[in-house]
Amino acid sequence: MNSYKVALVGNPNVGKSTIFNSLTGMKQHTGNWTGKTVGNCEGKYKFNGNYFTIVDIPGTYSLMSNSEEEEIARDFICFEKLDVTVIVIDATSLERNLNLVYQVMEISSNIIVCVNLLDEAKKKGISINFDKLSKLLGVPVVGVIGKKKKTLNSLKDIILKVCTSKIIPNPKPVKYLPIIEDSILLLSSEINLQSPINRWIALKLLSGDEKIIKTISYKCKINLNTNSINTKSDEISCLFSRNDIQSSNFEKILLSSILKQCENITHQVCQYKDINYTKKTIKIDRILTSKKFGIPIMLLFLCILFWITIVGANYPSQLLSDFFEYLKDKILILFEYLKSPEWLTDLLVNGVYQTVTWVISVMLPPMAIFFPLFTILEDLGFLPRIAFNLDRCFKCACTSGKQALTMCLGVTKWYHFYFVN
Ligand SMILES: Nc1nc2c(ncn2[C@@H]2O[C@H](COP(=O)(O)OP(=O)(O)OP(=O)(O)O)[C@@H](O)[C@H]2O)c(=O)[nH]1
Ligand SMILES: [Mg+2]
């Protein structure tokens with residue numbers, strides 16, 4: 001009996017854990033917000049007499065190691081001995097999801113693209129030509145509805161075929177600028193590992209990512225600090241700087257080629273029933289993320305959100321506080337009736353009870369209002385735009401725009417704590 005190891009990767013909230021649960025019968029946490037899966041989770045399933053160990057990896061938008069989850073996902077795909085990596089993508093936003101597909105392609109060649117949320121895509125009038133997508137990417141593509149177990153049989157079948165080499169994926173990675181492609185060729189001739197990792201290591205050498213270079217040297221047991229590699233790297237650095245390519249903007253240049261390719265492929269394989277719907281969302285997107293209107297609109301929305309949260313929280317906060325005060329009187333009577341010593345009453349009622357209830361009445365109402373409002377903003381697609389607008393600013397503090405939610409929550413709590421109560 002054969003056993004194989006499979007990884008599930010993808011952007012946050014594309015249904016990886018839902019598919020994982022449907023395949024393994026386990027109960028991983030799922031829900032309609034990002035970042036639920038925080039660590040790798042392993043499960044097993046059996047198909048056609050073969051055993052599969054499947055690993056659900058926390059969602060990530062990229063593998064360029066800008067955050068811990070990106071590093072975890074990248075290292076797992078790269079250094080774990082996987083038989084196949086399944087990249088789960090969202091059928092309703094193919095273009096954005098293809099970015100990760102192209103990045104995984106640079107690390108591994110045994111990949112399958114699993115297009116999930118087909119029911120949602122159907123509702124939005126989006127149809128995808130899977131055969132064409134598969135030809136353009138060079139890897140097997142399968143469409144599923146994660147919640148419906150029956151639709152996963154085709155995925156199981158393709159996983160088995162790739163694991164047993166009945167289907168051999170032949171990924172077609174993005175072609176970068178000619179100067180970058182030539183440099184990749186030059187450097188990869190010095191690294192004697194298999195494709196595609198050879199090309200990827202050359203890319204990492206070009207981007208000067210010291211941390212991953214050290215990890216690669218250690219895990220792949222190769223020396224990337226040889227004289228010939230260093231000489232070639234120096235030559236390439238001179239050539240790059242003459243062409244205005246610095247290590248600081250190198251990954252941005254790569255990303256822009258990837259994004260162009262994603263746009264190009266999406267145009268070729270996606271069809272929209274209501275073309276105006278897509279045009280409208282693109283228009284809205286341009287306004288919400290534009291330099292002129294993006295920040296003022298974001299500030300306006302955030303001010304409204306803060307105002308509703310802070311003003312709205314006052315009433316339930318006061319009600320809760322009155323209720324706890326009323327309950328305190330009753331508890332004091334009970335303690336008196338039980339003839340509890342004064343120090344015990346003070347400790348339990350004026351100490352523990354008073355503090356806990358005060359924190360609850362101050363903290364709970366703003367959270368109960370803030371989170372549903374943020375969920376609405378997320379469903380409207382405004383939250384990712386806020387994260388995008390704030391990304392550059394947050395980068396100065398060595399974090400990413402995704403922290404916008406945490407910051408907003410902090411601001412409302414701080415205001416409520418100091419000014420309202
Ligand atoms: N309509 C529909 N909803 C789905 C489908 N697959 C998953 N979902 C829903 O999408 C949401 C996100 O699913 P998860 O499985 O938690 O997503 P994830 O990719 O594991 O998310 P992270 O762990 O945060 O990266 C949940 O509310 C699921 O019920 C599907 O095929 N159709
Ligand atoms: Mg998950």
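Below is a table of values for the structure above.
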item: SER237 being open to solvent by 90 Å² or more (accessible area, probe 1.4 Å) and not assigned by TED's automatic domain parsing to the domain that holds LEU137; result: no
item: Considering residues of the range 106-126 that are aliphatic (A, V, I, L, M) and more than 14 Å from ALA7 (Cα to Cα) only, the residue nearest to ligand 1 (Cβ to nearest atom); result: LEU117
item: Top-ranked residue in the range 41-66 [being touching a residue at least 12 places away in the same chain (Cβ under 8 Å), in contact with a Phe, Trp or Tyr (Cβ under 9 Å, 6 or more places away or on another chain) and over 24 Å from PRO171 (Cα atoms); ranked as nearest to ligand 2 (Cβ to nearest atom)]; result: CYS41
item: Filtered residue count, the range 359-382, keeping only those that are surrounded by fewer than 16 Cβ atoms within 10 Å (Cβ to Cβ), under 20 Å from the mean Cα position of the chain (by Cα), assigned to a helix (DSSP H, G or I) and aliphatic (A, V, I, L, M); result: 1
item: Set ILE159, ILE167: member being open to solvent by 40 Å² or more (accessible area, probe 1.4 Å) and of a type in the set (A, V, I, L, M); result: ILE167
item: Qualifying residues in the range 59-80 (those that are modelled with pLDDT under 85 and more than 16 Å from ligand 1 (Cβ to nearest atom)) - the one most open to solvent (accessible area, probe 1.4 Å); result: ASN66
item: Residues of the range 176-210 satisfying the condition of being within 26 Å of the chain's Cα centre (by Cα), part of a helix (DSSP H, G or I) and in contact (Cβ under 8 Å) with a residue 40 or more places away in the chain; result: ILE197, ARG199, TRP200, LEU203, LEU206, SER207
item: From ILE145, ILE107, residue being modelled with pLDDT of 95 or more and part of a loop (DSSP other than H, G, I, E, B); result: ILE145
item: Checking ALA397 against (1) assigned to a loop (DSSP other than H, G, I, E, B); (2) open to solvent by less than 60 Å² (accessible area, probe 1.4 Å), the condition it does not meet; result: (2)
item: The range 171-181, residues that are touching an Asp or Glu at 6+ places or on another chain (Cβ under 9 Å) and open to solvent by 20 Å² or more (accessible area, probe 1.4 Å); result: PRO171, PRO173, LYS175
item: Cross-chain or 6+ apart pairs with Cβ under 6 Å, the range 323-349 first and among the polar types (S, T, N, Q), then part of a helix (DSSP H, G or I) and surrounded by 12 or more Cβ atoms within 10 Å (Cβ to Cβ); result: THR345/PHE335
item: Pair list, Cβ < 7 Å and 6+ apart or interchain, from the range 128-153 residues that are under 14 Å from ASN97 (Cβ atoms) to residues that are away from ligand 1 (no atom under 12 Å from the Cβ) and charged (D, E, K, R); result: LEU137/LYS172
item: ILE213 among the β-branched types (Val, Ile, Thr) and without any contact (Cβ under 8 Å) to a residue 24 or more places away in the chain; result: yes
item: Selection count where residues are hydroxyl-bearing (Ser, Thr, Tyr) and within 20 Å of ASN264 (Cα to Cα), scope the range 59-103; result: 5
item: Residue within the range 278-288 that is open to solvent by 80 Å² or more (accessible area, probe 1.4 Å), at positive phi and not assigned by TED's automatic domain parsing to the domain that holds VAL115 present; result: no
item: Residue in the range 1-26 that is nearest to ILE54 (Cα to Cα), counting only those that are part of a helix (DSSP H, G or I) and within 12 Å of ligand 2 (Cβ to nearest atom); result: PHE20
item: Test result for VAL311, of a type in the set (A, V, I, L, M) and at pLDDT 90 or above; result: no
item: Residue, surrounded by the fewest Cβ atoms within 10 Å (Cβ to Cβ), within the range 117-142, restricted to residues that are assigned to a helix (DSSP H, G or I) and aliphatic (A, V, I, L, M); result: LEU136
item: Criterion: over 30 Å from PHE370 (Cβ atoms), outside the structural domain of SER93 (by TED's automatic domain parsing) and not basic (Lys, Arg) - qualifying residue of GLU325, GLU342; result: GLU342
item: Among (1) closer than 30 Å to VAL113 by Cβ; (2) at pLDDT 85 or above; (3) surrounded by fewer than 19 Cβ atoms within 10 Å (Cβ to Cβ) - the single one ILE184 does not satisfy; result: (3)
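Let's see how each residue does on (1) modelled with pLDDT under 85; (2) not aliphatic (A, V, I, L, M):
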residue: TYR326; (1), (2): no, yes
residue: ILE331; (1), (2): no, no
residue: TYR337; (1), (2): no, yes
residue: SER340; (1), (2): no, yes
residue: ILE376; (1), (2): yes, no
residue: PRO384; (1), (2): yes, yes
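The values are calculated or read from the model by the stated rules, or taken from the named source; none is laboratory data. Note that the structure is a prediction, hence the values are computed from the model and not measured. Note: ideal-geometry Cβ built from the backbone for every residue, glycine included; neighbour counts use all protein chains shown. The area values use the complete protein model at the heavy-atom level, side chains included, leaving out ligands, DNA and RNA. Shrake-Rupley method; radii C 1.70, N 1.55, O 1.52, S 1.80 Å.
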